[in-house]
1. Looking for whichever is more than 30 Å from GLN269 (Cβ to Cβ), surrounded by 20 or more Cβ atoms within 10 Å (Cβ to Cβ) and out of contact with any Phe, Trp or Tyr (no Cβ under 8 Å at 6 or more places or on another chain) here; the options are ALA148, ALA112, ALA125. Which one fits?
2. When you look at THR275, is it β-branched (Val, Ile, Thr) and at pLDDT 95 or above, yes or no?
3. Return yes or no: is ARG175 outside any loop (DSSP other than H, G, I, E, B), more than 29 Å from ALA318 (Cα to Cα) and of a type in the set (Lys, Arg)?
4. Of all residues in the stretch 293-322, count the ones that are surrounded by fewer than 19 Cβ atoms within 10 Å (Cβ to Cβ) and closer than 14 Å to MET251 by Cα.
5. Answer yes if at least one residue in the stretch 221-230 is of a type in the set (Ser, Thr, Tyr), out of contact with any Gly (no Cβ under 7 Å at 6 or more places or on another chain) and not in a helix (DSSP H, G or I), and no otherwise.
6. Tally time: how many residues in the stretch 172-209 are in contact with a Lys or Arg (Cβ under 9 Å, 6 or more places away or on another chain) and without any contact (Cβ under 8 Å) to a residue 12 or more places away in the chain?
7. Exactly one of these conditions fails for ILE135: (1) hydrophobic (A, V, I, L, M, F, W, C); (2) on the phi < 0 side of the Ramachandran plot; (3) assigned to a loop (DSSP other than H, G, I, E, B). Give me its number.
8. Evaluate the following for PHE317: is it hydrophobic (A, V, I, L, M, F, W, C) and touching a Pro at 6+ places or on another chain (Cβ under 7 Å)?
Amino acid sequence: MQKHASDSSEVAVGKWVLPRYLDPMNAPVTSPDRAPRERKPDWIRVKAPTSAGFNETRRLMRDLNLNTVCEEAACPNIGECWTKKHATVMILGDVCTRACAFCNVKTGMPKAVDPLEPEHVAIAAAKMGLEHIVITSVDRDDLPDGGASQFVKVIEALRRNTPNTTIEILTPDFRNKADAAVEAIVTARPDVYNHNLETVPRLYPTIRPGARYYASLRLLESVKKHDPSIFTKSGVMLGLGEQRLEVHQVMDDMRSADIDFLTMGQYLQPTPKHTKVMDFVTPQAFDAYAAIARAKGFLLVASSPLTRSSYHAGEDFAKMRDARAAQLAKAG
């Protein structure tokens with residue numbers, strides 16, 4: 001049985017034994033009209049966004065009728081990223097056809113695909129002067145191709161308008177359509193293909209019920225088979241009740257699929273209706289996981305409580321490219 005944070009004062013991570021976060025000052029906060037919610041530890045608290053750069057980014061997104069996962073998923077890093085005029089654009093609307101237990105994006109029947117969206121994404125990239133852009137989307141199980149053609153059009157628009165911008169995509173799993181979808185997108189040649197596994201296989205039925213763990217792994221593996229030069233990337237959330245050895249197995253599965261870049265971050269409950277946080281994983285535990293992941297052979301690992309798929313994506317892409325160059329030089 002999985003232990004909750006209250007079951008023990010310590011947690012083993014590899015050869016480390018680390019204290020769990022049990023500060024009595026962070027006990028659950030209750031009120032007559034609100035369900036109990038556990039207070040966040042100091043290491044994952046962030047300041048409210050108030051900068052001029054943040055407001056400029058928000059106005060630009062609204063003017064171009066673009067959605068961002070930064071807003072829709074209530075990302076804790078939005079203040080920092082938008083101040084730097086970095087935003088992760090979420091294409092294919094703001095309504096998802098799935099209802100994952102961890103995700104804050106709206107669920108329902110989406111609107112028609114916006115034909116102007118690809119050009120608007122390219123305009124936004126140009127106006128923000130982006131050297132690297134991350135494009136993600138909602139799940140669109142209602143579309144014959146799952147929305148793959150819109151990813152292709154966005155990539156093509158960016159190549160025409162901002163040819164020096166490197167492109168990272170974070171796609172859904174294209175359930176039952178993955179082979180054709182991946183082939184079409186890879187042909188458009190993004191620089192990084194990201195698809196998040198999100199959690200360990202055991203938790204999929206409750207956390208990611210509309211998806212299949214091994215189907216997601218095969219999707220990422222197929223990217224490399226189509227074009228080995230494209231970097232692949234995937235991420236998991238911690239604090240959902242996963243066990244240490246399960247996380248290690250996910251790392252091994254990713255390496256078997258030749259995934260280059262692993263991201264690991266703390267799950268945060270967006271609303272009382274979503275899955276509860278089972279454990280606030282300490283920064284030291286994230287460091288320990290990162291050390292293990294590097295030993296398993298990933299080109300790059302980003303692991304911290306506030307790490308998210310697109311957090312510092314541009315800087316990380318440069319590091320990953322340098323790591324591959326060093327690896328090839330050593331091999332040759």
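1. The conditions single out ALA125.
2. no
3. No: the conditions fail for ARG175.
4. Total satisfying the criteria: 4.
5. yes
6. Summing the residues that are in contact with a Lys or Arg (Cβ under 9 Å, 6 or more places away or on another chain) and without any contact (Cβ under 8 Å) to a residue 12 or more places away in the chain in the stretch 172-209 gives 1.
7. Status for ILE135: all satisfied but (3).
8. Criteria not met by PHE317.
The values are calculated or read from the model by the stated rules, or taken from the named source; none is laboratory data. Only a predicted model underlies this, so the values are computations on that prediction, with no experimental measurement involved. No Cβ is skipped: glycine too gets one built from the backbone with ideal geometry, and neighbour counts run over all protein chains shown.
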